[in-house]
Amino acid sequence: MTQIDLINNRQVHLQQGGVDALTQLAALSTGRPVWLRVGRLFDGCCERVLEDADIVFDAKEILAVGDSSKAIELPAEISEMSQPDVHLPSWTALPCLVESHAHLFLEGSPTDFATRKQYLQQTSETLLQRAQDRMPTILRCGVGAIRDAGDKHGVGLALAAKAKQHKGELATTPWIDSPGAAIHHQGRYGSFMGQPIEEFASASKCVAGRISDGADRVKLLVSGIINFKAGRVTAPPQMPIAEVAEIVKAAKANNRQTFAHASGAEGVENAIEGGVDTVEHGFFITDDQLARMRDRQIGWVPTFAPVQLQVDRAEQFGWDTIVVGHLQGILDKHSKMLCRAHELGVTIIAGSDAGSCGVPHGVGLLNELLLMERAGMSAIEVLLTATGRSANRLDFAEPVGQVAPGFRSRMILTQHDPTVTVANLRQPKAVLADGAFMFSDESTEMKGL
Ligand SMILES: [Zn+2]
């Protein structure tokens, strides 16, 4: 099969298998709209999977989507075609995934303290280069958009600025936005990723400072972290409600969303009552808090992965059976609250906290989705939290997270249907992104992630 055959609008037959056909289809999409028919389509928005679906797209955007039993409206360039370019009856298509909580300046895979400390001693330029180097692998994992969750080295901001240069253009890299440095209090949790509010005369001046640095959103650290030995959050919140509200007000006045690191019922309370857009982590969240989050459309990013890792590697971290018991109890409760949030109708958003200890970029999100499924959500509900539903709530500046007209042409194609179980996202799959084709097998090399 040559490029010429394809350009003459002939259907690609699958003598060489779906992978070759998809490679050719991606290349062809850079010259004209292409027509793909798949066995199943999860569009990122609808809970129902469409059987025998047609997807028409070019390298830049999806042009039409429909049921193959009804005639799809073809663009003028290919209006004469009577059959799709490629028909993959045993494949499922879905949008590329949205990772809503990742620290792009950090390498997640190392778990030993010394290596992690050493990594952070590199210059900002090196940290940026390392982050950039892992982008192709992250995309190959199926992640098409990332909300960076903060760093003080300018890595997230530099990557987000680069993404903006390519806004609306072809770019085979995930879409990225960033809050820059998180806002925290001097001497309190978060100095590795945040800068203290005390550097500014007021909360609103601090927000203005972040925005002039280029922040797309505002990240605030309302609480500390879980004390694993004690099995709870032992420090009081670092920000009272009034301060959170002041930051939120200043961010809103500048059309910026706010996202709050908050664990422990008190910290979560201050984040909710302060009016943030999303609560990050939210360990020890209560029923009543979830109900208010639903009523106020505050999203929840539960980030199971970093805590699960503490259980999985308990021996390496030196945790005894008492601590492991605490950790397991926390995770069990978190799973229960995830199901409760789902029942109540809270907007649940998937984010892995990639970059934190033992949570690699890309693969970490796939693990997070599996943990959410194991907690009791259906595979489709979990996929919604990592595609259209989260993209809608987070309001990305690029149309990502759905396979629908007007959205970017960034799709996962696989013979291992993730709507059956999200574990299938770890199976071999293809990623089509802006006219490029990538294939990943199940053995993603974790090194560098
Ligand atoms: Zn984080």
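Just so you know, all these numbers are worked out from the coordinates, no wet-lab data involved. Since this is a predicted model, take the numbers as computed values, not measurements. Counting neighbours? That spans all protein chains shown, and the Cβs are built from the backbone with ideal geometry, glycine included.
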Checklist entry - Taking H as built 1.01 Å from N, whose amide H comes closer than 5 Å to the amide H of residue 182, not counting residues under 5 places away? => result 151, 194, 195
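Pulled fully out, how much extra length does the chain show between residue 241 and residue 416, if you take 0.36 nm times their separation in residues and subtract their Cα-Cα distance?
Extra length from residue 241 to residue 416 when fully extended: 58.4 nm.
Let me check against my output: what whole-number percent is the relative contact order of region 309-449, with C-alpha pairs under 8 Å and at least 6 apart? Provide the component values of the computation, followed by the final result.
Values: 162 pairs, mean separation 24.6, N = 141.
Taking the mean separation of contacting Cα pairs over the length of region 309-449, I get 17 percent.
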Checklist outcome for this item: Amide H proximity to residue 218 below 5 Å, modelled H, separation 5+ or other chain, gives 257, 258, 259
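In a shell of Cβ-Cβ distance under 14 Å around residue 301, excluding residue 301 itself, what net charge do Lys and Arg (+1) and Asp and Glu (-1) give? Provide the component values of the computation, followed by the final result.
Numbers: positive: 147, 217, 219, 389, 393; negative: 99, 148, 277, 280, 353, 368.
Value of the local net charge: -1.
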Checklist entry - Who wins for biggest fluctuation among 103, 153, 166 in a Gaussian network model of the chain, springs between alpha carbons below 10 Å? => result 166
Checklist entry - Just how far, in whole angstrom, is region 358-409 from region 185-253 if you go by their alpha carbon centroids? => result 26 Å
Checklist outcome for this item: Yeah, region 368-449 with a ≥ b ≥ c from its alpha-carbon gyration tensor (a/c under 1.5 is rounded, else prolate when a/b outruns b/c, oblate otherwise) is oblate
Checklist entry - With each pseudo-label sitting 7 Å past Cα toward Cβ, what's the residue 162-residue 117 distance in nm, one decimal? => result 3.0 nm
Checklist entry - In nm, to one decimal, how far is the residue 295 label point from the residue 427 one, both placed 7 Å along Cα→Cβ? => result 4.4 nm
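Count neighbours as other Cβ atoms within 10 Å of each site's Cβ, and list the GluC sites (Glu not before Pro) in region 163-215 that are DSSP loop with at most 10 such neighbours. Don't jump to the answer; show the numbers that get you there.
On the way: sites: 169, 198, 199; in loops: 169.
Filter output for region 163-215: 169.
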Checklist outcome for this item: Kirkwood calc, the chain, C-alpha pairs only, radius in angstrom 22.4 Å
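With Cβ to Cβ distances under 12 Å as the rule, what net charge do the other residues near residue 379 carry (K, R +1; D, E -1)?
After counting each charged neighbour, the total is -3.
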Checklist entry - If you find the alpha carbon centre of region 304-343 and of region 44-115, how far apart are they in angstrom? => result 33 Å
Checklist entry - What net charge do the residues around residue 445 carry, taking every other residue with its C-beta under 11 Å from that of residue 445, with Lys and Arg at +1 and Asp and Glu at -1? => result +2
Checklist entry - How large is the helix-only mean residue ellipticity at 222 nm for the chain, computed as the sum of -39500 (n - 2.57) over DSSP H runs with n ≥ 4, divided by its residue count, in deg cm²/dmol to the nearest 500? => result -10000 deg cm²/dmol
Checklist entry - Based on the Cβ-Cβ distance of residue 27 and residue 133, what FRET efficiency does E = 1/(1 + (r/R0)^6) give at R0 = 22 Å, to the nearest 0.05? => result 0.30
Item to check | Per DSSP, loop trypsin sites (Lys or Arg not before Pro) in region 164-217 with at most 16 further Cβ within 10 Å | outcome: 167
Checklist outcome for this item: Most exposed first, judged by fewest Cβ atoms within 10 angstrom, 193, 377 run 377, 193
Checklist outcome for this item: Under the Karplus relation with 6.51, -1.76 and 1.60 and θ = phi - 60°, whole-Hz ³J(HN,Hα) for region 368-385, x at Gly and Pro, equal 4, 4, 5, 5, 5, 5, 4, 5, x, 7, 6, 4, 5, 4, 5, 4, 4, 6
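Nearest-5 percent of antiparallel DSSP beta bridges in the chain?
On the way: 27 of 57 bridges.
Just about 45 percent of them are antiparallel.
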Item to check | Hypothetical label at residue 336: residues of region 279-318 whose amide nitrogen lies under 12 Å (7 Å Cα-Cβ projection) | outcome: 284-287
Checklist entry - Once the piece of chain linking residue 201 and residue 313 is laid out straight, how much longer is it, given 0.36 nm per residue of separation minus the C-alpha distance between them? => result 36.0 nm
Item to check | Computed magnitude of the charge dipole of the chain (debye, nearest 20; Cβ of K, R +1, Cβ of D, E -1) | outcome: 700 debye
Checklist entry - Relative contact order for the chain using alpha-carbon pairs under 8 Å, separation at least 6, rounded to a whole percent? => result 20 percent
